[in-house]
Every structure is written in C-alpha cells, then in structure tokens.
1. Looking at the range 24-58 only, could you name the residues that are under 17 Å from PHE73 (Cβ atoms), within 18 Å of the chain's Cα centre (by Cα) and open to solvent by 20 Å² or more (accessible area, probe 1.4 Å)?
2. Condition (residue is within 16 Å of the ligand (Cβ to nearest atom), more than 22 Å from MET1 (Cβ to Cβ), touching a Ser or Thr at 6+ places or on another chain (Cβ under 7 Å) and in a loop (DSSP other than H, G, I, E, B)) applied to the range 87-104: is it met by at least one residue?
3. Report, by residue number, each residue of the range 144-166 that is under 30 Å from ILE213 (Cβ atoms), open to solvent by 20 Å² or more (accessible area, probe 1.4 Å) and at pLDDT 95 or above.
4. Is it the case that some residue within the range 178-185 is in a strand (DSSP E or B), open to solvent by 30 Å² or more (accessible area, probe 1.4 Å), at pLDDT 95 or above and within 30 Å of ASN3 (Cβ to Cβ)?
5. State all residues of the range 195-231 that are within 23 Å of PHE263 (Cβ to Cβ) and surrounded by 20 or more Cβ atoms within 10 Å (Cβ to Cβ); if no residue qualifies, say none.
6. Quick one: what pairs do we get from the range 218-243, first residue farther than 16 Å from SER64 by Cβ and assigned by TED's automatic domain parsing to the domain that holds ARG266, second in a loop (DSSP other than H, G, I, E, B) and basic (Lys, Arg), C-beta under 8 Å, 6+ apart or different chains?
7. Mind listing just one residue for me: the one in the range 232-254 that is open to solvent by less than 10 Å² (accessible area, probe 1.4 Å) and part of a strand (DSSP E or B) and, of those, nearest to GLN127 (Cα to Cα)?
8. Count, please, the residues in the range 228-278 that happen to be more than 16 Å from the ligand (Cβ to nearest atom) and of a type in the set (Phe, Trp, Tyr).
Amino acid sequence: MRNQRTLKKAVHLNGVSLHSGKIAQVRILPAPPDSGIQFIRTDQGNLRIPALIHHVSQEKSVLSTTLEKEGVFVQTIEHLMSAINGFYLDNLNIEIDGPELPILDGSSIPYLQAFRSAGAHEQSLKQSFYTVSKVVEFEEGEKKIRIEPSQELSVEYSISFGSRLQQSFRFSLRKGDFESDIAHAKTFCFLEDIEKMQSAGLAKGGSMDNAIIIGQDGVINPSIQTYQDEFVRHKILDFLGDIRLLNKPLVGRFSVSRGGHAFHSRFLSFLLEKDLLVPIESPNNVSPWIGLPVAVPV
Ligand SMILES: [Zn+2]
C-alpha cells in the first residue's frame, strides 16, 4: 500500500486558456493529508471548489470538464487532473486567477514536467483506492463504458468518427507508462468545427501549436504530433483526468468506446448513485505501481 502524496514545493504555470482566450495563472501547492484536490479561485475571494464529481457542471462539460460551486466555475481541468492521476498525487491546492485553466501545449506534459521538477512528497497517511463491486456496463446510444473489478488500472479505448478517423489503444499502468504512452497526446479538433466553436464564443485560445487540426485530407499541422494514434491516446488522457474526480483514485479494467467529458462524468455519478464503488486497501504491493515517480523524502 502506498502513502498519500503531495508536491514537495509549489509550481507555477501560465498561458492562454483554450475557450476564453484569456491568460490564466496557476499555482499548484502542497496540501495536508486527506485534504484532496481543491481548486481555489483567487479572484473570487479564494472560493474553494473541490475536484469532486458532485461539483461537475453537466451543461458546461461538453468540450471540457467544468467544476461549479455557488455559481463560480473552473473550466478545462481535465489535462491537469490527468497529470495528477498519472503522477499519483492525492492532496493539492490549485490556485487559479480566473474561470479556466491554461491549455499550454494541449497535453498533460507541461504539468507532469512541473511535478517532476518539484518532486513528490510522501505523506504520513496511507492511500486507499476504489474499484467496483461487480462488472458494470454503462451505455448511452453508441457511447459505452465497461469496468471490471481489478487492482490495476487499465483502459482500452476506441474512437470512431465515420470513415475519417478510427483508432483504438490499450493502456495499462502495469505495462505502460503514463508519461511515455499518454501524457504527450495533444487535444484535437476537426477544421470544420473550429468556426462553429468560435461563433459560439469557444476555442478563442486554440492555435496550430496547442491542438491537432484534422482537415478533409488529414492532419493540417502534423509537426506537433507525437504519436501516430495520438487521438485515441488523448481520449485516454482525458478519461484518466475525468475519473480522478472522486476522493480516492479509481482502479479497474475499463473498456470505453466513443466517450466524452460529460459522458465520463455521468458514468462516475452512476457508480456513486448505485453504490457500486468499493474501497480497497491497495493495488497489490508493486504490480500496478511500476514506474511510480520517485518521491522525495522530507
Ligand atoms: Zn483533452
């Protein structure tokens, strides 16, 4: 069983926000054991918004995942939450000076690099996990998530956008590594959707550097691509962020097809409502945690 983890010291990132186009400043600070992940809106009287599923705004979580408390929002949290899941962090205070996180390069790598440079601090309390009490299948039309109980976290994901784009990928923390296999995968969009998003007041901070753009004849800006099957890997990145919105990490054997932020969130709410989550003491000693980033003892 592993100990809870926070950062050894604060990290600071800033950049343009994808949807609002405004510059956002983020400070990610160490936090005490059992305090969880909390966003703090420094421009709203330091209002704290816990990164928990019951604060997810369904109507504002179509193109990104958005938290809400008392009418105050924090939008586009998923790439940071994914890095938190992939770096095994449990307690953090995340200060943000506006309603949306910066998009950075469209992946989780800038967060992961910041975490690595600060180092992880192992805390005094143990961390437990959730898995499910039985096989659960959750479906809405063509969207599907299946989870089998397991002490490991693995995700098999498939996406299909007609004949233009079909990919699938299987990621396992036992065999793979978040940093090498998932964290570099950038967000993507179709060229024809950009105008629609911008006329709806969205994607004002999108650029050729922070999103892979797919035109009728393929990718328009392939030089920013890391993986040939980057799109499905990015969906796994988003999924790993979206399932980190519980008070403990969730493990299991997942298979997902055609998911999206709002659907991922409804799945998590369904697990809670139907009382399908069971706490487990630990994923078996070592196996799922091969590649656990080195903690710096303090
Ligand atoms: Zn994303």
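The values are calculated or read from the model by the stated rules, or taken from the named source; none is laboratory data. As the structure is a prediction and not an experimental result, all values here were calculated from the model. Heads up, the Cβs are rebuilt from the backbone with ideal geometry, glycines too, and the neighbour counts pull from every protein chain shown. All accessible areas refer to the heavy atoms of the entire protein, side chains included, with ligands and DNA or RNA removed. Shrake-Rupley method; radii C 1.70, N 1.55, O 1.52, S 1.80 Å.
1. Within the range 24-58, GLN38, PRO50, LEU52, HIS54, HIS55, VAL56, GLN58 qualify.
2. Step one: of the range 87-104, the residues within 16 Å of the ligand (Cβ to nearest atom) are 100-104.
If we keep only those that are more than 22 Å from MET1 (Cβ to Cβ) too, we end up with 100-104.
Retained after the next criterion (residues that are touching a Ser or Thr at 6+ places or on another chain (Cβ under 7 Å)): 100-103.
Now restrict to residues that are in a loop (DSSP other than H, G, I, E, B): 101, 103.
Checked against the condition, which is being within 16 Å of the ligand (Cβ to nearest atom), more than 22 Å from MET1 (Cβ to Cβ), touching a Ser or Thr at 6+ places or on another chain (Cβ under 7 Å) and in a loop (DSSP other than H, G, I, E, B), the range 87-104 yields at least one hit.
3. LYS144, GLU156, SER158 - these are the residues of the range 144-166 that are under 30 Å from ILE213 (Cβ atoms), open to solvent by 20 Å² or more (accessible area, probe 1.4 Å) and at pLDDT 95 or above.
4. Narrowing the range 178-185 to residues in a strand (DSSP E or B): none.
Checked the range 178-185: no residue is in a strand (DSSP E or B), open to solvent by 30 Å² or more (accessible area, probe 1.4 Å), at pLDDT 95 or above and within 30 Å of ASN3 (Cβ to Cβ).
5. Residues satisfying the conditions are ALA203, GLY206, ALA211, ILE212, ILE214, GLU230, PHE231.
6. So the pair list comes out as ILE224/LYS186; GLN225/LYS186; THR226/LYS186; GLU230/LYS186.
7. Checked the range 232-254; the qualifying residue nearest to GLN127 (Cα to Cα) is LEU250.
8. Pass one, the range 228-278, residues more than 16 Å from the ligand (Cβ to nearest atom): 228, 246-255, 257, 266-278.
When the remaining residues are screened for being of a type in the set (Phe, Trp, Tyr), the result is 254, 267, 270.
Of the residues in that region, 3 qualify.
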